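Colleague: I have a structure here, written as structure tokens, and I will follow up with some questions on it.
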Amino acid sequence: METMKVYFHNNCFDGLASAAVFSCFYRSAVRKDCKFVYEGLAHKAGELFIDVQFDGDENAIVDFKYSSDPRLTWWFDHHQSAFLSKADEEHFRADESGRKFHDPTYHSCTKFIAEMTQEHFGYDSSRLDELVRWADIIDGAQFADAKTAVELGEAAMKLMMVVEGVRDNGKVYRLIEEFKEKPLAEIIEVGWVRDEFRPLYERHLRSIDIIRSRAECSDRTISFDVSGHDLEGYNKFIPYYLFPDATYCVGVSLSSFRAKISVGSNPWAPHPRTQNLALLCERYGGGGHPVVGAISFPPDQLEKARRVAGEIVQELRTASVR
Ligand SMILES: [Mn+2]
């Protein structure tokens with residue numbers, strides 16, 4: 001039997017959902033009798049595809065960077081920075097297979113795949129509408145409010161936590177198989193999925209308590225320092241859940257490899273953001289987007305990180321009450 005090898009963005013809800021929707025399309029519209037093999041890809045510096053074998057009879061990449069390798073037969077991505085080099089981009093522009101797609105205006109690659117396969121191959125993905133809708137909400141951070149983003153009441157949000165937290169790749173592939181077959185509320189009730197979810201959720205609840213005990217808010221700016229706790233990778237909407245009236249948030253955290261200042265803005269703020277946080281962070285050697293940025297220091301420079309964070313908090317408080 002022929003193999004369809006699908007490479008996807010690992011530990012990312014949109015990445016797994018993209019792999020699931022692409023597989024359903026492929027089986028329904030291209031080849032009924034094939035075996036799917038999955039492999040997750042992660043961002044790292046340097047040569048991204050050095051370990052990739054492209055050893056399927058067909059090979060697809062979804063929700064991840066382009067490769068000019070001739071063995072790559074399908075590609076879908078919605079990231080702005082989808083090409084590792086100018087040469088790769090030219091290679092893509094010259095492609096005439098009609099099987100490689102890029103559009104950075106989409107919030108999610110999952111929705112992009114659903115719409116492109118409908119438009120170009122007549123594939124009807126309506127059976128997967130729930131998965132497509134949630135991938136678009138999660139990857140585009142289009143949550144209705146901080147409560148949805150933090151309390152994780154929806155099955156999709158619980159699954160997002162499992163997808164991001166699970167470290168066993170075999171389980172990641174099993175989740176893709178579940179996405180192809182079942183409604184999300186049914187997947188979160190599967191025994192091994194619940195077992196993965198429980199400790200991650202407990203850690204999430206602990207992180208809410210820690211941030212609550214460490215954070216203070218004045219002049220619409222939240223400030224907290226959790227460098228004394230093991231708290232890399234907390235849900236970044238927690239501060240706005242605790243202080244819904246805040247516009248900005250500045251947090252200091254510490255891990256084995258860095259002391260980090262996270263500077264963010266509240267997507268649901270009653271008073272709109274006026275400061276460009278990417279520019280603010282760039283002044284201290286960091287970077288990001290207008291709405292969220294970060295600055296990293298070596299782990300032994302925690303004191304400096306704290307001092308810089310204090311300056312940023314002052315600046316944002318002053319700007320908020322001006
Ligand atoms: Mn994506």
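Colleague: Please report, in cubic angstrom per residue, the volume enclosed by the convex hull of the alpha-carbon atoms of region 2-145.
Modeller: 114 Å³
Colleague: Still on this structure: Given Cβ point charges of +1 (Lys, Arg) and -1 (Asp, Glu) and nothing else, what value in debye, to the nearest 20, does the dipole of the chain about its Cα centre take?
Modeller: Using Cβ point charges on Lys, Arg, Asp and Glu, the chain gives about 840 debye.
Colleague: With unit charges on the beta carbons (Lys and Arg positive, Asp and Glu negative) and the dipole taken about the Cα centre of region 2-145, which residue among P104, Y26, H43 sits farthest to the positive side?
Modeller: With unit charges placed on the Cβ atoms, the residue in question is Y26.
Colleague: What is the calculated FRET efficiency for S126 to L84, with r their C-beta to C-beta distance and R₀ = 41 Å, to the nearest 0.05?
Modeller: The computed FRET efficiency comes out at 0.70.
Colleague: Sticking with this structure for a sec: Can you compute the charge dipole magnitude of region 216-321 about its Cα centre, using +1 on each Lys and Arg Cβ and -1 on each Asp and Glu Cβ, nothing else charged? Give it in debye, rounded to the nearest 20.
Modeller: Roughly 200 debye for region 216-321.
Colleague: What percentage of all Cα-Cα pairs in region 225-322 are separated by more than 15 Å?
Modeller: Tail fraction, whole percent: 59.
Colleague: Related question: Have a look at L316, H9, S255 and report the one farthest towards the positive end of the charge dipole of the chain, computed about the Cα centre with Cβ charges (Lys/Arg +1, Asp/Glu -1).
Modeller: So the residue furthest toward the plus end is L316.
Colleague: What's the long-distance tail for the chain, i.e. % of Cα pairs beyond 35 Å?
Modeller: Summing the P(r) tail past 35 Å for the chain gives 28 percent.
Colleague: Then there's this: Which aspartates and glutamates have a Cα lying under 12 Å from the Cα of K260, excluding residues fewer than 8 positions away in the same chain?
Modeller: By straight Cα distance, K260 reaches D225, E232, D300, E303.
Colleague: Continuing with this model, one more query. Report the Cα centroid-to-centroid distance between region 70-92 and region 249-311 in angstrom, as an integer.
Modeller: The distance from the Cα centre of region 70-92 to that of region 249-311 comes to 31 Å.
Colleague: On to the next question. Given H91, W134, F121, which one lies farthest toward the positive end of the charge dipole of region 2-145, if we put +1 on the Cβ of every Lys and Arg and -1 on the Cβ of every Asp and Glu?
Modeller: Of the options given, the answer is F121.
Colleague: Same structure, new question: For the residue pair A94 and Q118, what label-to-label distance in nm results when each label sits 7 Å from Cα along the Cα-to-beta-carbon direction?
Modeller: That separation, rounded to one decimal, is 3.4 nm.
Colleague: Give me R93, R212 ranked fewest to most by other Cβ atoms within 10 Å of their Cβ, as a rough exposure proxy.
Modeller: R93, R212
Read-outs throughout are calculated quantities, based only on the coordinates presented, and are distinct from any laboratory measurement. Bear in mind the structure is a predicted one, so any value in this text is a computation, not a measurement. Methodologically, a virtual Cβ is constructed for each residue, glycine included, from the backbone with ideal geometry; neighbour enumeration extends over all protein chains shown.
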